[in-house]
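Participant: Below you'll find the structure I mean.
Each value in this text was obtained by applying a stated rule to the coordinates, not by laboratory testing. Since the structure is predicted, the reported quantities are computational estimates derived from the model, not experimental observations. Neighbour counts are summed over all protein chains in view; Cβ atoms, including those assigned to glycine, are modelled from backbone coordinates with ideal geometry.
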Amino acid sequence: MSELPPDETPRRLRPATLLVRGGTTRSSWAETSEALFLTSGFAYPSAESHAARMAGQEEGYIYSRFANPTVRMFEERLALLEGAEDCRATASGMAAIHTMLTAPCNPGDRIVAAKQLFSSCVWILKNVCPKMGVEVEWIDATDLSAWRQACSRPVRLALVETPTNPMLDAIDLAAVAEEVHRAGGELVVDNVFASPILQKPLQHGADWVAYSATKHIDGQGRVLGGAVLGRRKAIEDHIQQYYRHTGPALSPFNAWVLLKGLETLDLRVRRMAANAELIADFLADHPAIESVRYPGRTDHPHHEIHKRQMETGGTLIAFSLKGGKDAAFSCLNGLKLIDISNNLGDAKSLITHPATTTHRTLTDEERSAIGLTDAWVRLSVGLEDPNDLIEDLDAALKG
Ligand SMILES: *Cc1c(COP(=O)(O)O)cnc(C)c1O
């Protein structure tokens, strides 16, 4: 028996409604805003009930490392938005990825991983998975023949990110899922860059979706959080015990903040993406810019794949400067409004120079394999007036 109460939100409701109402359970006080159950434990009406609950024969909360009512509201709301059967929330995006990559795997299993992954995901795959006897094969995830080759042997999991960081490549989810399934494996998509508003990997054949909720879902720079979403039985069989005993649980306070973040997620992401579209066009015409990569622009090399998978171009832009690294640094240093920060998906526009920061530990070959030189910067477009952002960039680019 599940230790979690059933979710009663009608599934036919539309996303904007689910984001405000989904998964809500009320206490006996009938509060309008979701209650924050800042509690580590729960009391039982009797010794018999305690024994039954611990044995999994009675429904109810036991301990917040396993489940908590506020965390559960966040999990259910996100699952409804994603169209997933179930969800487990974690303390950070990396706790989600770590759980996802370790819990289902046994010694001898193989993971196929994209070369284009967030650097801490690369670290886990290089340092943790091999210690557990799990083999990791790295491939250029944009290359379908590489997938065909890698999936000619049994696969347990495959991990991709699309759009990728920082070059915003598109990975063809439907084609990759088909290859991975043929090899008996499951496709995990780190959907942070697109957000659950703009891209639904499960609809394109993925089996699992992982999030850093720190990014768009909070989107206001306050808390860390993460989530793993997938089929209920797969979570119960492969994730739940590991999650329960290794302790990646999300704090109820952070879950409450993220739950409130979900209420405005649709509004924020769509406005940020609309701003990004304007800024990408401005940058593409700017004489100091060498190249712009924005999934929503037809000159993006993977525009057609992005268009199939993602509702709009998203909130992130990568661009390279004609003057290389010096020009990139001078642009970052000249900005008055846009902050230099490695975070993304925030209400505040943030800019970063990946080659010297988030991607500094990659070897030169690894960086060139993903097309990243030190002329590139990554801009996460926020909720400011786009004209103010354009004026800020224009002034910084003029030096
Ligand atoms: C930020 C990020 C993560 C890690 O999330 P944290 O919440 O920082 O632990 C994983 N994947 C991607 C693509 C990210 O951007």
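Participant: What's the FRET efficiency of residue 357 with residue 54 using the Cβ-Cβ distance as r and R₀ = 51 Å, to the nearest 0.05?
Facilitator: On the way: r = 47 Å, r/R0 = 0.92.
Calculated transfer efficiency: 0.65.
Participant: Next up: Could you give the size of the charge dipole of the stretch 10-263 about its Cα centre, using +1 on the Cβ of each K and R and -1 on the Cβ of each D and E, expressed in debye and rounded to the nearest 20? The partial results should precede the final answer.
Facilitator: Details: 26 positive and 27 negative charges, 62 e Å.
Magnitude of the dipole: close to 300 debye.
Participant: Rounded to the nearest 20 Debye, what is the dipole magnitude of the stretch 218-268 about its Cα centre when Lys and Arg each give +1 and Asp and Glu each give -1 at the C-beta?
Facilitator: On the way: 7 positive and 5 negative charges, 13 e Å.
Taking the Cα centre of the stretch 218-268 as origin, the dipole is about 60 debye.
Participant: Once you have the Kirkwood Rh of the stretch 10-263 from its Cα pairs, apply Stokes-Einstein at 4 °C and 1.567 mPa s and quote D in µm²/s. If you can, show how the numbers build up before the last one.
Facilitator: Values: Rh = 18.8 Å.
Result for D is 69 µm²/s.
Participant: Once phi is turned into ³J(HN,Hα) by the Karplus curve 6.51 cos²θ - 1.76 cosθ + 1.60 with θ = phi - 60°, what whole-Hz value does each residue of the stretch 33-47 show in order, with x for glycine and proline?
Facilitator: 7, 4, 6, 9, 8, 7, 9, 8, x, 9, 9, 10, x, 7, 5
Participant: In whole Hz and in residue order, list the ³J(HN,Hα) couplings for the stretch 111-124 that follow from phi through the Karplus curve 6.51 cos²θ - 1.76 cosθ + 1.60, θ = phi - 60°; x for Gly and Pro.
Facilitator: 10, 9, 10, 6, 5, 8, 9, 3, 4, 6, 5, 4, 4, 4
Participant: Between residue 245 and residue 373, with labels modelled 7 Å along Cα→Cβ, what's the label distance in nm to one decimal, could you check?
Facilitator: 5.2 nm
Participant: Work out, step by step, the length gained on full extension between residue 398 and residue 233: first 0.36 nm times the residue separation, then minus their alpha carbon distance; give nm to one decimal.
Facilitator: Values: separation 165, 0.36 × 165 = 59.40 nm, distance 5.62 nm.
Using 0.36 nm per residue and subtracting the Cα-Cα distance, I get 53.8 nm.
Participant: Evaluate 2.2 N^0.38 Å with N set to the residue count of the stretch 1-129, then give the Cα radius of gyration divided by it.
Facilitator: Details: Rg = 18.0 Å, N = 129, 2.2 N^0.38 = 13.9 Å.
After normalising by residue count via 2.2 N^0.38 Å, the value is 1.29.
Participant: Using the alpha-carbon centroid of each, what span in Å lies between the stretch 368-396 and the stretch 168-220?
Facilitator: Cα centroid of the stretch 368-396 versus Cα centroid of the stretch 168-220: 24 Å apart.
Participant: In whole angstrom, note down how far apart the Cα centers of the stretch 223-241 and the stretch 301-363 are.
Facilitator: 30 Å
Participant: Spin-label point model (7 Å from Cα, Cβ direction): what's the residue 304 to residue 181 distance in nm?
Facilitator: Rounded to a tenth, the inter-label distance reads 2.2 nm.
Participant: Could you state the per residue volume, in Å³, of the convex hull enclosing the Cα atoms of the stretch 266-398?
Facilitator: Values: hull volume 13.6 nm³, N = 133.
For the stretch 266-398, the hull spanned by Cα atoms encloses 102 Å³ per residue.
Participant: OK, next. Counting other beta carbons within 10 Å of each residue's own, what order do 325, 200 fall into, fewest first? Mind showing how you got there, number by number?
Facilitator: Working: 325 16, 200 22.
Going from least to most buried by this count: 325, 200.
Participant: What residues have an amide H closer than 5 Å to that of residue 137, excluding those fewer than 5 places away on the same chain, when H is modeled at 1.01 Å from N in the peptide plane?
Facilitator: For residue 137, the qualifying residues are 111, 112, 113.
Participant: If you don't mind, another one. Counting DSSP beta bridges with both partners in the chain, what percentage is antiparallel, nearest 5? If you can, show how the numbers build up before the last one.
Facilitator: Details: 24 of 42 bridges.
About 55 percent, rounded to the nearest 5.
Participant: Another one. If you place +1 on the Cβ of every Lys and Arg, -1 on the Cβ of every Asp and Glu, and leave all else neutral, what size is the dipole of the stretch 266-398 about its Cα centre, to the nearest 20 Debye?
Facilitator: 220 debye
Participant: Which lysines have a Cα lying under 28 Å from the Cα of residue 348, excluding residues fewer than 8 positions away in the same chain?
Facilitator: Counting by Cα, and skipping residues close in sequence, residue 348 has these lysines nearby: 200, 215, 260, 307, 322, 325, 336, 398.
Participant: Here is a follow-up. Rg and Dmax of the stretch 204-343 over Cα atoms: what are they, in angstrom?
Facilitator: Final numbers for Rg and Dmax: 18.9, 56 Å.
Participant: Something else now. Restricting the calculation to Cα positions, tell me the Rg (one decimal) and the Dmax (whole number) of the stretch 106-236 in Å.
Facilitator: Answer for the stretch 106-236, Rg first and Dmax second: 14.3, 44 Å.
Participant: Using helices alone, what [θ] at 222 nm do you get for the chain, with -39,500 (n - 2.57) per DSSP H run of 4 or more residues, divided over all residues and rounded to the nearest 500?
Facilitator: -10500 deg cm²/dmol
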